[in-house]
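S.K.: Take a look at this one; I'll ask things after.
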Amino acid sequence: NPEFHGNPNFASCLLPDHLISMAELDLLTQNVVCAHSETCQFLQENLQVIRWETFSQSEVHGFQQKPMDHMWERCVCHITNAIQQIVEFAKRLNGFMELNPNDQIVLLKAGAMELLLLRMSRAFNCYNNTIFFEGKYAPLDLFQSLGCNDLISAMFDLCHSLCAVNLSEYEMAFYSAMILLDPTQPWLQEKEKVQSLHVKLDVAFRNLLRRTHRESILGKLPQRGRLLSICQVHMEKLKVFRQMYPGMAWERFPPLYRELFVSEQEDP
Ligand SMILES: O=C(O)[C@H]1CC[C@H](C(=O)N2CC[C@@]3(S(=O)(=O)c4ccc(F)cc4)c4ccc(OCc5c(F)cccc5Cl)cc4CC[C@@H]23)CC1
């Protein structure tokens, strides 16, 4: 743990290889919070205001009647748009654009889906178990034609866990940045540069939690493994789907989705 020394006004924390001033911590906090709030598709308050507008039974039935490939194409389109916003979030984080391009892609490939799951919890109504989807709030069974009920229910369960922690936008911003800038990701060429960014984020996040008396949330955040397992199930479902609809990924999926989730050699 970095030890704080000197009087609180000029407190700085002595870390193994660099000194971070309080001023720098404040600037970093502003950068992370702004990057998050500027790149979310919907404002938290707007999602809250409409969270009781749920799809009617007949509308749900309409979605359930849609063919699997049609629903998949719509979800892939939404996830691609949401991931474009996540890429924008990364680009605005201090230091991310200074990483080498390979490492930027490695971090986004590994972290985009996890950040998406965090953002999804902002659009989740944990009182009636519905998620914001195409303008209204949808129950789990609206998605049954996707053929991914276990994946969808795992996502809903994760949203429930995240709602229980009741993360503020500040906390969500830091949690997202720290998941994205994870120095333990394999294949990183300049791990120490990611490590340095991660350490600063960690200090600034703990600083924020201390000031807001929210240190207790650190023990309540879902384990990384839980986020990762949902990402793996998504990849498995995608593989099954592509076997059912060969060639569709190349014809009807957006290039960004393909780049992040479809690896060439697997093409059935
Ligand atoms: O304000 C913001 O920024 C947020 C607004 C809300 C946004 C959001 O929640 N989302 C944007 C895309 C969307 S969704 O809204 O289309 C959605 C889809 C299924 C659900 F049960 C719930 C939501 C989505 C789409 C596909 C997916 O997994 C991969 C996948 C496929 F690819 C194809 C088939 C099946 C699956 Cl499961 C997972 C998610 C989770 C995030 C969801 C996230 C950003």
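The values are calculated or read from the model by the stated rules, or taken from the named source; none is laboratory data. The structure presented is a predicted model; accordingly, all values stated were derived computationally and were not measured. With ideal geometry, Cβ positions are generated from the backbone for all residues, glycine too; neighbour counts draw on all protein chains shown. In case anyone asks, the SASA skips ligands and DNA or RNA and just uses the protein heavy atoms, side chains included. Shrake-Rupley method; radii C 1.70, N 1.55, O 1.52, S 1.80 Å.
S.K.: With (1) farther than 14 Å from VAL32 by Cα; (2) modelled with pLDDT of 95 or more as the list, and TYR175 as the residue in question, which single condition is left unmet?
M.R.: (1)
S.K.: Hey, among the residues in the stretch 122-142 that are open to solvent by 10 Å² or more (accessible area, probe 1.4 Å) and of a type in the set (Gly, Ala, Ser), which one's farthest from the ligand (Cβ to nearest atom)?
M.R.: GLY135
S.K.: Filtering the stretch 215-252 down to residues that are among the hydrophobic types (A, V, I, L, M, F, W, C) and touching a Lys or Arg at 6+ places or on another chain (Cβ under 9 Å), which residue is most open to solvent (accessible area, probe 1.4 Å)? Lay out the reasoning, then the answer.
M.R.: Filtering the stretch 215-252 for residues among the hydrophobic types (A, V, I, L, M, F, W, C) gives 217-218, 221, 227-228, 230-231, 233, 235, 238, 240-241, 244, 248-250.
Filter once more, so that each one left must be touching a Lys or Arg at 6+ places or on another chain (Cβ under 9 Å): 218, 248-250.
Details: LEU218: 71, MET248: 8, ALA249: 2, TRP250: 88 Å².
That would be TRP250.
S.K.: Still on this structure, please answer the following. Residues in the stretch 204-214: is at least one open to solvent by less than 40 Å² (accessible area, probe 1.4 Å) and among the basic types (Lys, Arg)? It would help to see each step written out before you state the result.
M.R.: Residues of the stretch 204-214 open to solvent by less than 40 Å² (accessible area, probe 1.4 Å): 204-205, 207-209.
Applying the additional criterion that residues be among the basic types (Lys, Arg) yields none.
Within the stretch 204-214, none of the residues are open to solvent by less than 40 Å² (accessible area, probe 1.4 Å) and among the basic types (Lys, Arg).
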